[in-house]
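Below is one structure, written out as structure tokens, with a few remarks after it.
The values are calculated or read from the model by the stated rules, or taken from the named source; none is laboratory data. In this text the structure is predicted, and so the values were computed from the model without any measurement. No Cβ is skipped: glycine too gets one built from the backbone with ideal geometry, and neighbour counts run over all protein chains shown.
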Amino acid sequence: MAFDYLFKVIVVGDGAVGKTSLTRKFTTGQFRESYKMTIGVDFSIKILKIPRKGKSKESTVKLQIWDTGGQERFSYVRPLYYRGALGALCCYDITNRKSFLNLPKWFNDIEKHCGNIPTILIATKTDLAELRVVDVDEGQSFAEQRDIPFFETSAKDGSHVEDTFNRLTARIVDDVEALEL
Ligand code: G3D
Ligand code: MG
């Protein structure tokens with residue numbers, strides 16, 4: 001299929017926050033089906049149509065989504081994982097405070113390897129409301145401090161999964177098209 005752009009994006013965050021589940025839900029529509037634990041660096045592909053401001057034609061984007069099983073913590077894999085990424089989803093789990101407290105580390109890694117690329121803060125597992133330990137307000141204010149978008153998602157019920165990837169992709173398209181002008 002013809003496409004206007006090919007973008008690499010990365011999904012980062014602590015182990016077990018739901019990075020693979022989010023990516024699989026978006027690319028296959030399924031949760032906890034036919035998916036293996038992430039072993040090493042893996043990527044999924046999805047074609048998206050992004051409306052363009054003030055133009056009738058939409059942009060077709062082939063999104064290459066990189067997801068890892070934590071191996072990016074090893075110095076020899078990390079550059080490969082981050083190299084060429086044009087956007088990032090930085091994830092924490094609303095039922096795991098440590099994953100929220102570790103966010104600055106992930107943001108530092110993105111900045112160190114990719115510079116100032118479009119990044120979105122993602123809270124995962126909102127279907128587990130009774131197990132929530134990180135309030136919406138905390139995620140919201142973290143995102144506001146960094147001036148980035150924030151979405152609360154669930155790979156299980158699909159809540160805001162499409163929105164996150166569409167928003168990130170639209171931001172990258174905006175950046176690229178601003179450069180082309
Ligand atoms: P990771 O890729 O960040 O390491 P995974 O995380 O996608 O492998 O998910 C880790 C565990 O959390 C998995 O459970 C997965 O099913 C669960 N999970 C991921 N997203 C959600 C969600 O939105 N809702 C719920 N309820 N669970 C989720 P297991 O039991 O397989 O370890
Ligand atoms: Mg994984």
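Write out, first by first residue and then by second, each pair whose Cβ atoms fall under 6 Å of each other, whose residues are 6+ apart or on separate chains, and whose first residue, in region 15-28, is within 17 Å of ASN166 (Cα to Cα) while the second is near ligand 2 (Cβ under 8 Å from one of its atoms) and modelled with pLDDT under 95.
LYS19/ASP67; THR23/ASP67
If only one of THR124, THR169 is touching a Gly at 6+ places or on another chain (Cβ under 8 Å) and over 18 Å from GLY18 (Cα atoms), which one is it?
THR169
Surrounded by fewer than 20 Cβ atoms within 10 Å (Cβ to Cβ) and under 16 Å from ILE10 (Cβ atoms), is that true of ARG97?
For ARG97, the condition - surrounded by fewer than 20 Cβ atoms within 10 Å (Cβ to Cβ) and under 16 Å from ILE10 (Cβ atoms) - is not met.
Which of the residues belonging to region 10-68 are small (Gly, Ala, Ser) and at pLDDT 90 or above?
Hits for region 10-68 are GLY13, ALA16, GLY18, SER21, GLY29, SER59.
Looking at region 134-181, which of its residues are aliphatic (A, V, I, L, M), without any contact (Cβ under 8 Å) to a residue 40 or more places away in the chain, touching a strand residue (DSSP E or B) at 6+ places or on another chain (Cβ under 9 Å) and not in a helix (DSSP H, G or I)?
ILE148, the sole residue that qualifies.
Assuming GLU130 fulfils every condition listed in (1) over 22 Å from ARG24 (Cβ atoms); (2) within 16 Å of ligand 1 (Cβ to nearest atom); (3) touching a residue at least 24 places away in the same chain (Cβ under 8 Å) apart from one, which condition is it?
Of (1) over 22 Å from ARG24 (Cβ atoms); (2) within 16 Å of ligand 1 (Cβ to nearest atom); (3) touching a residue at least 24 places away in the same chain (Cβ under 8 Å), only one is false for GLU130: (3).
When the residues of region 160-178 are narrowed to those that are more than 15 Å from VAL61 (Cβ to Cβ) and loosely packed, with under 15 Cβ neighbours inside 10 Å, which ends up modelled with the highest pLDDT?
Per the stated criteria, the residue is ASP163.
Spot the failing condition for ILE120; the list is (1) part of a helix (DSSP H, G or I); (2) crowded, with 19+ Cβ neighbours inside 10 Å, and only one is missed.
The one condition ILE120 does not meet is (1).
Of all residues in region 83-109, count the ones that are over 14 Å from the mean Cα position of the chain (by Cα) and within 18 Å of GLU144 (Cβ to Cβ).
The total comes to 4.
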